[in-house]
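Okay, so here's the structure we're looking at.
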Amino acid sequence: VLRLLLITNELEHLADLIVTGVLGPGRRRLAETITVSEATTETLYEVHDAVTGTLDDALEAVGTGDAVAADRVAASKAEFHELEGSATEHLARRLSAPDPQRIEAYSVEIALVEGLRRVHQSCRRIANAARVASSDARR
């Protein structure tokens with residue numbers, strides 16, 4: 001029961017992270033009419049897709065007790081950090097682009113990457129708790 005409460009609290013925290021760390025920068029981009037380049041959009045989608053895959057696996061681990069899904073989440077850490085680093089480097093290189101809103105765009109883009117990183121971390125905590133809960137249930 002304690003593990004399930006932990007998972008529930010982490011799911012609530014995850015929802016908060018999505019609202020503030022993902023939707024927040026998106027709303028700011030729209031409000032300030034910031035244009036994102038095609039290359040940056042592709043980079044951000046790669047990070048987003050990695051996070052949604054991790055979220056799918058974490059929810060699978062919680063919903064079914066699938067230890068393999070939980071293991072995929074744990075294994076995603078190194079690959080995600082590499083992808084995050086690559087995205088951050090891409091955004092830093094774009095700072096020199098001749099765009100009058102480049103600093104504002106960078107601020108929104110890097111906030112989105114940071115928000116997605118935090119969502120990824122939360123997914124790992126959820127999957128880890130699900131792994132422990134499923135092993136406790138088998139005893």
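Among SER76, SER96, SER107, determine the one that fluctuates most according to a GNM of the chain built with springs between C-alpha atoms less than 10 Å apart.
Top of the fluctuation ranking is SER96.
Hey, what number do you get for the chain at 222 nm if only DSSP H runs of n ≥ 4 count, each worth -39500 (n - 2.57), divided across all residues, to the nearest 500?
-29000 deg cm²/dmol, from helical runs alone.
Among ALA97, ALA74, ALA129, which one shows the highest mean-square fluctuation when the chain is modelled as a Gaussian network with alpha-carbon springs under 10 Å?
Answer for the Gaussian network model of the chain: ALA97.
Using the Cα atoms of the range 58-137, I'd like the radius of gyration and the largest Cα-Cα distance, Dmax, both in angstrom.
17.0, 58
If you roll a 1.4 Å probe over the heavy atoms of the protein chains, what accessible area per residue do you get for the chain, in Å²?
Heavy-atom SASA per residue in the chain reads 57 Å².
Counting only protein heavy atoms, what percent of the accessible surface of the range 1-123 is carbon or sulfur at a 1.4 Å probe?
On the range 1-123, the fraction of accessible area on carbon and sulfur atoms equals 58 percent.
With springs connecting C-alpha atoms under 10 Å apart, model the chain as a Gaussian network and identify which of THR33, THR43, THR20 has the largest mean-square fluctuation.
Maximum among the listed residues: THR33.
I need to check one value: relative contact order of the chain, counting alpha carbon pairs closer than 8 Å and at least 6 residues apart, in percent.
Relative contact order for the chain comes out at 45 percent.
Over the Cα atoms, compute the radius of gyration (one decimal) and Dmax (the largest Cα-Cα distance, rounded to a whole number) for the chain, in Å.
Rg, Dmax (Cα atoms, Å): 17.0, 61.
The values are calculated or read from the model by the stated rules, or taken from the named source; none is laboratory data. Since we're looking at a predicted model, the values are computed, not measured. In case anyone asks, the SASA skips ligands and DNA or RNA and just uses the protein heavy atoms, side chains included. Shrake-Rupley method; radii C 1.70, N 1.55, O 1.52, S 1.80 Å.
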